[in-house]
Every structure is written in C-alpha cells, then in structure tokens.
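None of the figures in this text is laboratory data; all of them are computed from the coordinates on show. Model, not experiment: these values are computed from the prediction. Positions of Cβ are generated from backbone atoms using ideal geometry, with glycine treated the same way; all protein chains shown enter the neighbour counts.
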Amino acid sequence: MSTGTLLANVALTQGLFGAGVLLAAVYFEVPLAALGLTEPLLSAETILFGVGGGVVLWLGNEVAAGAADAAGVGYDESVRSMLTPDSTGGWVILLGVILPTIAVVEELLFRGAAIGAMAVGFDVPVALLVVVSSVAFGGAHGAQGRIGAVVATTLGLVLAVMFVLSGSLLVVIIAHYLVNALEFVVHEGVAVERPVGRGRFG
C-alpha cells in the first residue's frame with residue numbers, strides 16, 4: 001500500500017469513526033459541555049495550555065525514547081515511517097488533514113466521551129475513568145509494540161488529566177496534535193536524530 005493510499009485510508013476511517021461518535025453523542029443527548037465543548041471554544045488560555053502541554057509532552061517523548069533505546073527496548077517506528085510523505089503536497093495533507101483528524105477523533109473518544117460523557121451519564125469516579133480511558137488509549141496504539149503502548153498509556157494519562165483540569169476538549173486536541181506533528185517534522189521532515197537512539201512516544 002502506497003503512502004498516499006495509507007494516508008487516505010487513515011483519513012477516511014478516522015473521519016467515519018469520529019462522525020459515529022458525534023452521532024452517538026447527539027442520539028443520547030450528551031451535553032456539549034460534558035464532551036469538553038464549552039464556550040468560548042477558543043481562548044488565549046486554551047491555546048497556551050494546549051501548546052505548552054503539547055511541547056512538554058513531546059519533550060517527554062524524547063526523554064522516554066532515549067531511555068528506552070539506552071535500555072535496548074526501542075519503540076516500533078514502522079507506523080510513522082509508513083505514514084511519512086515523500087512530497088510537499090503529502091506533508092501538507094499529513095499536517096493539515098491527517099494529524100488534525102487523528103487528534104480530534106482520538107480526543108473526542110478517549111477524553112470527551114470516555115471521561116466527560118461517562119462522568120455525566122453514570123455515577124463513576126472521574127479518577128477511575130481517567131485510568132481506564134488511558135489504558136484503552138494505550139491499547140489502541142498496540143501497533144507501536146508493547147513499549148509504545150505503555151508509553152502511549154502514559155501520554156493518555158497526562159492528556160486525561162489536562163482534560164479534567166481544563167474542561168476543554170480543544171486543549172487536549174492541540175496538545176495531541178503537537179506531539180504527533182513535532183515527532184514527524186523533527187525526526188522525519190528534518191531528520192534530526194535523538195541524543196540517544198531513536199524511538200516513538202505515542
């Protein structure tokens with residue numbers, strides 16, 4: 001499967017899945033606020049929290065990757081390699097369509113629905129929802145290998161805490177997008193090696 005075909009497949013499947021989650025939210029009359037869609041959606045605080053969180057998480061990515069490689073248990077980078085475009089147009093699609101779609105859909109599912117909606121609809125402790133959703137998020141990244149799934153679980157936990165503290169889905173979408181975008185741009189786009197080996201965070 002070519003990179004272009006793979007990117008199109010990711011966009012289509014993620015988009016359809018995201019639409020399904022939104023339709024379910026509408027059907028069950030889930031309040032927008034429960035999903036983290038509160039007014040105003042965009043504010044200076046939201047952007048700063050999202051960008052700051054994303055950069056810190058990406059730096060954590062670098063530290064975790066270096067530590068894993070130093071221990072001889074590097075992450076499986078095959079998924080990232082397969083999604084890396086070989087043209088300017090491909091990079092525009094990746095950074096402007098594919099990665100935003102992934103961030104929106106995964107955050108809507110694992111943070112908005114699994115934490116926000118569940119906390120409102122059922123008498124379940126938020127702390128338990130944070131843990132369960134983070135483990136599920138890590139499991140969904142099993143294609144990155146066992147180490148990648150474990151580190152993705154950690155990423156999910158931090159994003160979940162950010163969601164609970166901010167009450168904003170946009171904050172975690174921004175942070176999630178930046179982690180993935182920086183990973184692609186720094187290590188595939190400009191080919192900067194990590195100080196200790198190479199790896200993958202989430």
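Observations
- Projected over all directions and averaged, the alpha-carbon convex hull of the chain occupies 11.2 nm².
- By the beta-carbon count within 10 Å of each Cβ, the least crowded to most crowded order of Met82, Met118, fewest first, is Met82, Met118.
- Inter-site label distance for Val185 and Phe17 at 7 Å from Cα along Cβ, in nm: 2.5 nm
- Listing Val135, Val179 from fewest to most neighbouring C-beta atoms within 10 Å gives Val135, Val179.
- Considering only alpha-carbon pairs that sit under 8 angstrom and 6 or more positions apart, the relative contact order computed for the chain is 38 percent.
- Comparing mean-square fluctuations of Ala181, Ala140, Ala152 from a GNM of the chain with C-alpha springs under 10 Å, the top value falls on Ala140.
- Using only side-chain charges placed at the Cβ, +1 for Lys and Arg and -1 for Asp and Glu, the dipole size of region 3-189 relative to its Cα centre rounds to 160 debye.
- Between Trp91 and Ile47, the FRET efficiency estimated from the beta carbon spacing at R0 = 25 angstrom works out to 0.60.
- Assigned charges on the beta-carbon of Lys, Arg, Asp, Glu; region 59-161 dipole about Cα centre (debye): 140 debye
- Cβ crowding within 10 Å ranks Trp91, Trp58 as Trp91, Trp58, fewest other Cβ atoms first.
- Gaussian network model of the chain, Cα within-10 Å springs - most flexible of Thr46, Thr88, Thr154: Thr88
- Residue with peak Gaussian network fluctuation, the chain [Cα springs, cutoff 10 Å], from Phe122, Phe137, Phe163: Phe122
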